[in-house]
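Participant: Submitted below is the structure of interest, expressed as structure tokens.
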Amino acid sequence: MGSVVANAMVTLNGVAGRPENWQFDYVSPAMMGVIAESLQTSAGLLLGRKTYEEFVQYWPHIGPEDNPMASAMNSLPKFVVSSTLAETSWENSTLVTGAGLANTIADLKVDVLGVLNIIGSPTLVRSLLDLGLLDRLDLMVYPLVAEEGIRLFEGATTRTGLSLIACSELPNGVLHLTYAPPEVAAAGGGEIDV
């Protein structure tokens, strides 16, 4: 059975939207290594509509000579969760719709063996966390306060406790934190790595 892992970049005040406006001053080879490893171990990408629409404007037009992540981004299966899109145009993209998000994602976890990585997509991350369908939350917390933007947990409807299973400091003060629901952590979700 597969697992769903949310990968998010957030500021100290929880802003996750539009990281291209604030993240580049903090990029380091160590950070790119974490991101590359996540993509290399991914069985597919799970994207919300807004993130998909942003990505489809960029990634299909980029080759590995322009960005080392391009091959993975373009070749991995992509599952786009949307109730408004009629079709997808990006290579290896499948539209995921249905009356019940919980059942649809649960079915995907059975069908896709390995890790389904969510990149960005804060609305999708919140929804899956509320539904208990998120197996791990992998955060890069940037040492800055953003003046505005979508917050990762804004609008959460359920109080959810998480267990810290890994923690490391990347260059430039960025913290790489990995959380899992307590039942996942207790079942072997990992030990704390400080």
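Participant: Could you tell me whether any residue of the stretch 54-75 is at pLDDT 90 or above, of a type in the set (Val, Ile, Thr) and surrounded by 19 or more Cβ atoms within 10 Å (Cβ to Cβ)?
Facilitator: The answer is no, given that none of the residues of the stretch 54-75 is at pLDDT 90 or above, of a type in the set (Val, Ile, Thr) and surrounded by 19 or more Cβ atoms within 10 Å (Cβ to Cβ).
Participant: Does the stretch 153-162 contain at least one residue that is more than 23 Å from Pro29 (Cα to Cα), touching a strand residue (DSSP E or B) at 6+ places or on another chain (Cβ under 6 Å) and touching a residue at least 24 places away in the same chain (Cβ under 8 Å)? Step through it out loud before you land on a result.
Facilitator: As a first pass, look at the stretch 153-162 and keep what is more than 23 Å from Pro29 (Cα to Cα): 153-162.
Now drop any that are not touching a strand residue (DSSP E or B) at 6+ places or on another chain (Cβ under 6 Å), which leaves 162.
When the remaining residues are screened for being touching a residue at least 24 places away in the same chain (Cβ under 8 Å), the result is 162.
Taking every residue of the stretch 153-162 in turn, at least one turns out to be more than 23 Å from Pro29 (Cα to Cα), touching a strand residue (DSSP E or B) at 6+ places or on another chain (Cβ under 6 Å) and touching a residue at least 24 places away in the same chain (Cβ under 8 Å).
Participant: Right, next: Taking the stretch 125-145, which residues are hydrophobic (A, V, I, L, M, F, W, C), crowded, with 20+ Cβ neighbours inside 10 Å and not in a strand (DSSP E or B)?
Facilitator: Of everything in the stretch 125-145, those that are hydrophobic (A, V, I, L, M, F, W, C), crowded, with 20+ Cβ neighbours inside 10 Å and not in a strand (DSSP E or B) turn out to be Val125, Leu128, Leu129, Leu134.
Participant: So in the stretch 35-52, with the set limited to residues that are in a helix (DSSP H, G or I) and modelled with pLDDT of 90 or more, which one is surrounded by the most Cβ atoms within 10 Å (Cβ to Cβ)? It would help to see each step written out before you state the result.
Facilitator: Filtering the stretch 35-52 down to residues in a helix (DSSP H, G or I) leaves 35-40, 49-52.
Then keep just the ones that are modelled with pLDDT of 90 or more; that gives 49-52.
Details: Arg49: 18, Lys50: 16, Thr51: 21, Tyr52: 25.
Ranking the qualifying residues of the stretch 35-52, first place goes to Tyr52.
Participant: Let me ask something else. Please find, among Thr88, Thr94, the residue that is at pLDDT 90 or above and either part of a strand (DSSP E or B) or of a type in the set (Lys, Arg) (or both). First the steps, then the outcome.
Facilitator: Working: Thr88 fails: either part of a strand (DSSP E or B) or of a type in the set (Lys, Arg) (or both).
None of the other options fit; the residue is Thr94.
Participant: Restricting to the stretch 52-99, count the residues that are under 18 Å from the mean Cα position of the chain (by Cα) and of a type in the set (Asp, Glu).
Facilitator: Total satisfying the criteria: 2.
Participant: Report yes if some residue within the stretch 16-27 is assigned to a helix (DSSP H, G or I), crowded, with 20+ Cβ neighbours inside 10 Å and either among the charged types (D, E, K, R) or in contact (Cβ under 8 Å) with a residue 12 or more places away in the chain (or both); otherwise report no. Steps first, answer last, please.
Facilitator: Of all residues in the stretch 16-27, those assigned to a helix (DSSP H, G or I) come to 19-21, 24-26.
With the extra rule that they be crowded, with 20+ Cβ neighbours inside 10 Å, the set shrinks to none.
No, the stretch 16-27 has no match at all.
Participant: Look through the stretch 1-55, keep the residues that are of a type in the set (Phe, Trp, Tyr) and out of contact with any helix residue (DSSP H, G or I) (no Cβ under 7 Å at 6 or more places or on another chain), and return whichever of them is farthest from Ser82 (Cα to Cα). Step through it out loud before you land on a result.
Facilitator: Step one: list which residues in the stretch 1-55 are of a type in the set (Phe, Trp, Tyr), which gives 22, 24, 26, 52, 55.
In the following step, the residues that additionally are out of contact with any helix residue (DSSP H, G or I) (no Cβ under 7 Å at 6 or more places or on another chain) were identified as 22, 24, 52, 55.
Numbers: Trp22: 27, Phe24: 29, Tyr52: 10, Phe55: 15 Å.
Of everything passing the filter in the stretch 1-55, Phe24 is farthest from Ser82 (Cα to Cα).
Participant: Also: I'd like the full set of residues that are of a type in the set (A, V, I, L, M, F, W, C) and in contact (Cβ under 8 Å) with a residue 40 or more places away in the chain, limited to the stretch 102-118.
Facilitator: The initial filter retains those residues of the stretch 102-118 that are of a type in the set (A, V, I, L, M, F, W, C), namely 102, 105-106, 108, 110, 112-113, 115-116, 118.
Of everything in the stretch 102-118, those that are of a type in the set (A, V, I, L, M, F, W, C) and in contact (Cβ under 8 Å) with a residue 40 or more places away in the chain turn out to be Ile105, Leu108, Val110, Val112, Leu113, Val115, Leu116, Ile118.
Participant: Filter the stretch 146-169 down to residues that are in contact with a Gly (Cβ under 7 Å, 6 or more places away or on another chain) and part of a strand (DSSP E or B) and give me whichever is farthest from Met1 (Cα to Cα). Write out each step before concluding.
Facilitator: Start the filter on the stretch 146-169 by keeping residues that are in contact with a Gly (Cβ under 7 Å, 6 or more places away or on another chain), which leaves 149-153, 165-166.
Still in the running and part of a strand (DSSP E or B): 151, 165-166.
On the way: Arg151: 30, Ile165: 21, Ala166: 22 Å.
Among residues in the stretch 146-169 that are in contact with a Gly (Cβ under 7 Å, 6 or more places away or on another chain) and part of a strand (DSSP E or B), the one farthest from Met1 (Cα to Cα) is Arg151.
Participant: Consider Gly63 against the criteria (1) in a loop (DSSP other than H, G, I, E, B); (2) under 21 Å from Ser89 (Cβ atoms); (3) touching a residue at least 24 places away in the same chain (Cβ under 8 Å): it satisfies all of them except one. Which criterion is unmet?
Facilitator: Tallying (1) in a loop (DSSP other than H, G, I, E, B); (2) under 21 Å from Ser89 (Cβ atoms); (3) touching a residue at least 24 places away in the same chain (Cβ under 8 Å), Gly63 fails exactly one: (3).
Participant: Among residues belonging to the stretch 98-117 that are on the phi < 0 side of the Ramachandran plot and part of a loop (DSSP other than H, G, I, E, B), point out the one that is surrounded by the fewest Cβ atoms within 10 Å (Cβ to Cβ). Walk me through it before giving the result.
Facilitator: Within the stretch 98-117, the first condition is being on the phi < 0 side of the Ramachandran plot, and the residues that meet it are 99-113, 115-117.
From what is left, the residues that are part of a loop (DSSP other than H, G, I, E, B) are 99-100, 112-113.
Working: Ala99: 7, Gly100: 10, Val112: 18, Leu113: 11.
Only one residue tops the list, namely Ala99.
The values are calculated or read from the model by the stated rules, or taken from the named source; none is laboratory data. It should be emphasised that the depicted structure is a prediction, and the values quoted were computed from it without experimental measurement. Ideal geometry is used to build each Cβ from the backbone, glycine not excepted, and the neighbour counts take in all protein chains shown.
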